[in-house]
Each structure stands twice: as structure tokens, then as C-alpha cells.
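The numbers here are math on the coordinates, done by the rules we state, and not lab data. Computed from a predicted structure; not experimentally measured. Cβ atoms come from the backbone with ideal geometry, glycine included; neighbour counts cover every protein chain shown.
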Amino acid sequence: MDLLLHICCAPCAVYSLDALRAEGLGVVGLFYNPNIHPLAEYRRRLDTLETYAEEAGLALRVEPGWPVEDWLRSVSGHEAAPGRERCRYCYRVRLEHAARLCAELMLPRFSTTLLYSKYQQHDWIIEEGERAAEICGVEFLYRDLRAGWKEGVRRSKELGMYRQQYCGCLLSERERYLSK
């Protein structure tokens, strides 16, 4: 295996996995998303990903537990900061975890399906990915996968995947409903 791929959800994994495999990379998936709330949403996303991973022949590592309390306590200090600092912090938590696991598994590099979404802040993801890579002695593989957005949406719908309407955190769900 060449790459540990942090996966936020199955729909984002569809195009991402195909693109990385097309480069000849052997991919191991990682589901670590303590930001997802409530538990029913977390389970639904995980169940969808596990089904897809089996169909796609993707080895998938799922971190045990659901450390949402730790995430909520930690992110609360970032909520008041300008520029959605909580999102940057959330990238940091997940990418640091991926980088540590990448080193532990003795894989040379890691990446994330967050790079597929046109709604994510790529500059922050790159900075946090490279920061985590340096700390853990592995490589962060950046690929701008947004060009495959429409293709991934189309394919995930064809596969009948659950497609969520918010990033997963309680705060983004609040913003989604309050902004209407």
C-alpha cells in the first residue's frame, strides 16, 4: 500500500479513490471523523462507507469509539475566531490523526477526501496536511480533486448512497438551518 486516505464520507470517496488508483496508488481508507454529530448521522455515514468500501475492494480502518465530546470541548475555543477557525481546527484534528496512523502503519504518505469537495478550504487543508506530515515524518499528498465533483455526485447517486447535506459538525448543521 502506498497511501492512507482519510475519508470524510462515502460520496466523497467515490471519485477520490478512482483518481488515486488511476495514478497507480494502493490505497487504505481511514474513517476518523469525531466532528460528525449526532450519533445517528455518524453511523449512517459510516455504514454507507463500509458498504462502499466492500464493493470497491478498499481496505478500511475505522477508528473505535466516537470521541465527539473531546471534539466539542476543543473546537469551542475556535468558534468565536474570525474566518471559521473551527473548520481549520477540524482539518487539523483529522489530518494529524491520519498522519500519526500513516507513520504507525509505515505508509509513506496520506491524503484526504476533503480535497474532493468544492465546499472545503483547500489552502487550509494543504497547510494542516503538510504541518501534520512534518510532525509525523510522512508525506502529505495534495491532489485537487474538485474537477471530479459532478462525476462523483452522479456516481454516488447511481450507487444509491446516502448523501448528507452538511459537513457533519453540529455547528455547520446549525448554520445550514439558520441561514434559510
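Quick notes
- Environment charge of residue 109, counting only residues whose C-beta is closer than 9 Å and scoring Lys/Arg +1, Asp/Glu -1: -2
- At full extension, residue 54 and residue 146 could sit 30.7 nm farther apart than now, given 0.36 nm per residue minus the alpha carbon distance.
- Extension gain for the segment residue 153 to residue 63, taken as residue separation times 0.36 nm less the Cα-Cα distance, is 29.8 nm to one decimal.
- Once the Cα-Cα distance is subtracted from the 0.36 nm per residue extended length, the residue 123 to residue 135 segment shows a gain of 2.5 nm.
- Mean ellipticity per residue at 222 nm, deg cm²/dmol - from DSSP H runs of n ≥ 4 across the chain, formula -39500 (n - 2.57): -16500 deg cm²/dmol
- Note on residue 104 and residue 1: their simple-model spin labels are 1.2 nm apart, each label 7 Å out from Cα toward Cβ.
- A cut-off under 12 angstrom between Cβ atoms defines the neighbours of residue 140, and their net charge, with Lys, Arg +1 and Asp, Glu -1, is -3.
- For the chain, a crude dipole built from +1 on the beta carbon of Lys and Arg and -1 on the beta carbon of Asp and Glu, taken about the Cα centre, is about 660 debye to the nearest 20.
- The alpha carbons of the range 1-75 occupy a box of 40, 22, 18 Å along the principal axes, longest dimension given first.
- When each of the peptides 88-99, 7-18, 127-138, 148-159 is scored by the mean number of other C-beta atoms lying within 10 Å of its residues, the order from highest to lowest reads 7-18, 88-99, 127-138, 148-159.
- Couplings 3J(HN,Hα) of the range 125-135, computed from phi: 4, 4, 4, 5, x, 5, 4, 5, 4, 5, 4 Hz, in residue order, whole Hz [Karplus 6.51 cos²θ - 1.76 cosθ + 1.60, θ = phi - 60°; x for Gly and Pro].
- Taking a sphere under 11 Å around the Cβ of residue 8 and counting the other residues whose Cβ falls inside, with K and R at +1 and D and E at -1, yields a net charge of +2.
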